[in-house]
């Protein structure tokens, strides 16, 4: 008999021979299955449109084509389009094992021979239903974990842009999936200093998001000490190196704006921010050191750049520049610089929205990677 968790599984049987359907109905009803029986491929598809089943037991040969099994193979393909997770057990005569093998190659979960052995048939169905239940449970757990991670990650993002005299700041964060490996932060350190940071962890999904949340925690713990940017990166690098797995690393940029229009920064292997001057000159902000997590004893250095009214400082992740169009052409840094130069008179929010709109249009709305952008306009 069925185990308790498999009680009354919903089973659809498809065969054009009434005696076969009746024999299967009697066998499975005695074992506690909920049974529905149909005699044609059309009826199978109609039932699958109307409700969900735990397993489909179907013949491969029907009245329109009693020997080749092509009608059954075509039905299998259409069933998979309707529900790719439904286990399909196919039935075929002893002389048509080749057909059963082909059905397995096309996605059938298992097969039984006619005339069948009752014990083997019941064991096959039980195995497939158990596997489906396990997949459902695993998918539900994974979905719940991802949803929780996504909610937590969004809660860690800046809920508002800190106001900082002399600057207008705007930011955008667009994950490619439910969770992101990108990180952005804006921290008001004191009356005269505002920290900006962006980062990108190699990898995707929940592991990348968890690692990035650790980086954020470290930044928040250290930023208040008003450390030089190179020293902050050195300490975070040691933390990341002690926790990141082999082959993993993080690109990271950390900078501090001050009220005297000086920008102090360290770039740990991240995309080089772009400083757009009023005259259209684009300056790359590219000094600092290697990515985080690879060399635990790396010494990072701090660099400085003096800002002027009208300057636009743009920080971004590679999801901005590496986004691709239908022809697999990347947006690229040159195109980004041309866009920024052409719209350098815009304020921070208008420029941020213009960039995000441009990459969305370029890619047809297909964001292949997380995309993060911070724009600081010097007033």
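The criterion of being in contact with a helix residue (DSSP H, G or I) (Cβ under 9 Å, 6 or more places away or on another chain) and either at pLDDT 90 or above or assigned by TED's automatic domain parsing to the domain that holds residue 259 (or both) does not hold for residue 166.
In a residue-by-residue description of region 364-379, the property of being surrounded by fewer than 21 Cβ atoms within 10 Å (Cβ to Cβ), touching a strand residue (DSSP E or B) at 6+ places or on another chain (Cβ under 8 Å) and part of a helix (DSSP H, G or I) applies to no position. Residues that are out of contact with any helix residue (DSSP H, G or I) (no Cβ under 8 Å at 6 or more places or on another chain), outside any loop (DSSP other than H, G, I, E, B) and touching a residue at least 40 places away in the same chain (Cβ under 8 Å) within region 252-268 comprise 253, 257, 258, 262, 263, listed in sequence order.
Taking residue 47 as the residue in question, decide whether it is assigned to a helix (DSSP H, G or I), within 29 Å of residue 134 (Cα to Cα) and within 37 Å of the chain's Cα centre (by Cα). Judged against the criteria, residue 47 is a match.
For residue 5, the stated conditions hold: it is at pLDDT below 90 and part of a helix (DSSP H, G or I). Whenever a residue of region 214-241 is free of Cβ contacts under 8 Å to residues at least 60 places away in the same chain, its partners that are part of a helix (DSSP H, G or I) and crowded, with 22+ Cβ neighbours inside 10 Å, lying with C-beta atoms within less than 6 angstrom and at least six residues away or across chains, give the pairs 218/236; 222/232.
What's the number of the only condition in (1) assigned to a helix (DSSP H, G or I); (2) at pLDDT 80 or above; (3) surrounded by fewer than 17 Cβ atoms within 10 Å (Cβ to Cβ) that residue 124 fails to meet? Result: residue 124 fails condition (3) only. Please verify whether residue 232 is in contact with a helix residue (DSSP H, G or I) (Cβ under 8 Å, 6 or more places away or on another chain), crowded, with 17+ Cβ neighbours inside 10 Å, modelled with pLDDT of 80 or more and assigned to a helix (DSSP H, G or I), treating the condition exactly as stated. Judged against the criteria, residue 232 is a match. Listed conditions (1) surrounded by 14 or more Cβ atoms within 10 Å (Cβ to Cβ); (2) at pLDDT 95 or above; (3) within 22 Å of the chain's Cα centre (by Cα) are all met by residue 348, apart from (3).
Scanning region 201-217 for residues that are modelled with pLDDT of 70 or more and within 15 Å of residue 291 (Cβ to Cβ) returns 201, 202, 208, 211, 212, 215.
Is it the case that residue 37 is assigned by TED's automatic domain parsing to the domain that holds residue 136 and either modelled with pLDDT under 90 or part of a helix (DSSP H, G or I) (or both)? So residue 37 does not fit the description; no. In a residue-by-residue description of region 257-272, the property of being at positive phi, at pLDDT below 95 and surrounded by fewer than 22 Cβ atoms within 10 Å (Cβ to Cβ) applies to at least one position. I'd like to know if region 83-91 contains one or more residues that are in a helix (DSSP H, G or I), at pLDDT 90 or above and assigned by TED's automatic domain parsing to the domain that holds residue 120. No - not one qualifying residue is present in region 83-91.
Can residue 305 be described as modelled with pLDDT of 95 or more and either assigned by TED's automatic domain parsing to the domain that holds residue 368 or surrounded by fewer than 18 Cβ atoms within 10 Å (Cβ to Cβ) (or both)? Yes; evaluated as a whole, the condition is true for this residue.
The values are calculated or read from the model by the stated rules, or taken from the named source; none is laboratory data. Only a predicted model underlies this, so the values are computations on that prediction, with no experimental measurement involved. Methodologically, a virtual Cβ is constructed for each residue, glycine included, from the backbone with ideal geometry; neighbour enumeration extends over all protein chains shown.
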